[in-house]
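Student: Below: one structure in structure tokens.
The values are calculated or read from the model by the stated rules, or taken from the named source; none is laboratory data. As the structure is a computational prediction, the values presented were derived from the model and not from experiment. For neighbour counting, all protein chains shown are included, and Cβ atoms are generated from backbone atoms with ideal geometry for every residue, glycine included.
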Amino acid sequence: MLKTLTAIIATLLIIGCSSKSEEVVNVEPKLVVGKTLGDLKLNDQFEKSHTISADTYKLIFALDKEPAHICNDFFNSQEADYLQKHNAQFIADISTAPSLIRSLFILPGLKDFKHTVMLLDDKTAAAPFRKDVETEKIVVVYIINKTITKIESLSTEAELKKMIEDESPMSLIAPMINKVLN
């Protein structure tokens, strides 16, 4: 009886922790210069729905575990409104984590952060954002009128801070342009 119960629990854990699902291969990449992200609507770690804010100029994507840790550690060391003050929004892909790990560890952990984390939590929805980008790096997407104008990849916290706190003319003007065009 004990062996049977152990086997059932082990099977359920394997099934619950499995991140294997149908690979989504034939998708069109979303993160491409010239494409619009106007229809982007994601829930945050508290299941509150978000769209791209009118004054957002930079979308910061963490599509893998390591870049997500770099971003979350950095953002959590800043003021709660740090991203908003710098006209940026943060999007993390948690879709590749096994469902049991997501629900037991990742989502509760994200709720401890003071910054908003918009979530890609479905493999099918996340696939177009992962296609043709460096998922092992922080992907920064610059937008004007919710249309992608530039994409860059970052590797370190120092690069992330420099990009966010950039005070170039475009970083100062673009949020105003976005507000007017929105």
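Student: Taking the stretch 17-54 as the region of interest, how many residues are among the charged types (D, E, K, R) and modelled with pLDDT under 95?
Tutor: Looking only at that region, the number is 4.
Student: Another question, then. Inspect all residues belonging to the stretch 28-43 and state whether any of them is in contact with a helix residue (DSSP H, G or I) (Cβ under 6 Å, 6 or more places away or on another chain) and in a strand (DSSP E or B).
Tutor: There is no residue in the stretch 28-43 that is in contact with a helix residue (DSSP H, G or I) (Cβ under 6 Å, 6 or more places away or on another chain) and in a strand (DSSP E or B).
Student: Check whether at least one residue in the stretch 167-176 is of a type outside the set (A, V, I, L, M, F, W, C), touching a residue at least 40 places away in the same chain (Cβ under 8 Å) and over 19 Å from Glu66 (Cβ atoms), and report yes or no.
Tutor: yes
Student: Tally the residues that are over 12 Å from Leu120 (Cβ atoms), assigned to a helix (DSSP H, G or I) and not acidic (Asp, Glu), restricting the search to the stretch 52-95.
Tutor: Residues that pass the stated criteria total 13.
Student: Further, regarding this structure: Is there a residue in the stretch 103-118 that is at pLDDT below 95, of a type in the set (S, T, N, Q) and either surrounded by fewer than 20 Cβ atoms within 10 Å (Cβ to Cβ) or touching a strand residue (DSSP E or B) at 6+ places or on another chain (Cβ under 6 Å) (or both)?
Tutor: Yes - at least one qualifying residue is present in the stretch 103-118.
Student: Go through the stretch 21-54 and give me each residue that's among the acidic types (Asp, Glu) and exposed (fewer than 15 other Cβ atoms within 10 Å of the Cβ).
Tutor: If the condition is that a residue be among the acidic types (Asp, Glu) and exposed (fewer than 15 other Cβ atoms within 10 Å of the Cβ), then Glu22, Glu23, Glu28, Asp39, Glu47 are the ones that fit.
Student: Let me ask you something else. Check off (1) more than 20 Å from Leu31 (Cβ to Cβ); (2) in a strand (DSSP E or B) for Ile101 and give me the number that stays unchecked.
Tutor: (2)
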